[in-house]
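Structure first, commentary second.
The values are calculated or read from the model by the stated rules, or taken from the named source; none is laboratory data. Note that this is a predicted model, so its numbers are computed, not measured. Positions of Cβ are generated from backbone atoms using ideal geometry, with glycine treated the same way; all protein chains shown enter the neighbour counts.
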Amino acid sequence: RDRATQEAAAAAETHKAAFEKAEARADAERERLEKTLEAARARTAALSDERDALDTAKRGLEDDVAAAARDKRDLDAKLDSAAERERALEERLVAARDDAANALSRAGDAEASLEATRRELRSERELGA
């Protein structure tokens, strides 16, 4: 019986040692997994911060694009207005040239009429003299 007790004690010691080794391995694995989990959490937080920064930058760019589109519309409207004013000025210039040509023509007609009247008056003087 003494021997059976010793064998049982030895088996218990073997099992205890195996259990302690398994427990040590489990603790080491738990610690490794906790470190991995903490690293993953830190990386997730960093990625979340990066995403927030990118979203903020994207909103800023979208605002800039919208402002540029508004500026383009404003500039297009100003360009259209300037083109319309240019067309109106061109029409006024053409009308002014036509008026000037007509005035020159009337002045030429008046000068010719004046010259004819002078000739007529000279003829009448010569006839009367």
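Between S123, S81, which is polar (S, T, N, Q), modelled with pLDDT of 95 or more, surrounded by 10 or more Cβ atoms within 10 Å (Cβ to Cβ) and in a helix (DSSP H, G or I)?
S81
Of everything in the stretch 1-59 that is of a type in the set (V, I, T) and more than 54 Å from the chain's Cα centre (by Cα), the residue that is modelled with the highest pLDDT is T14.
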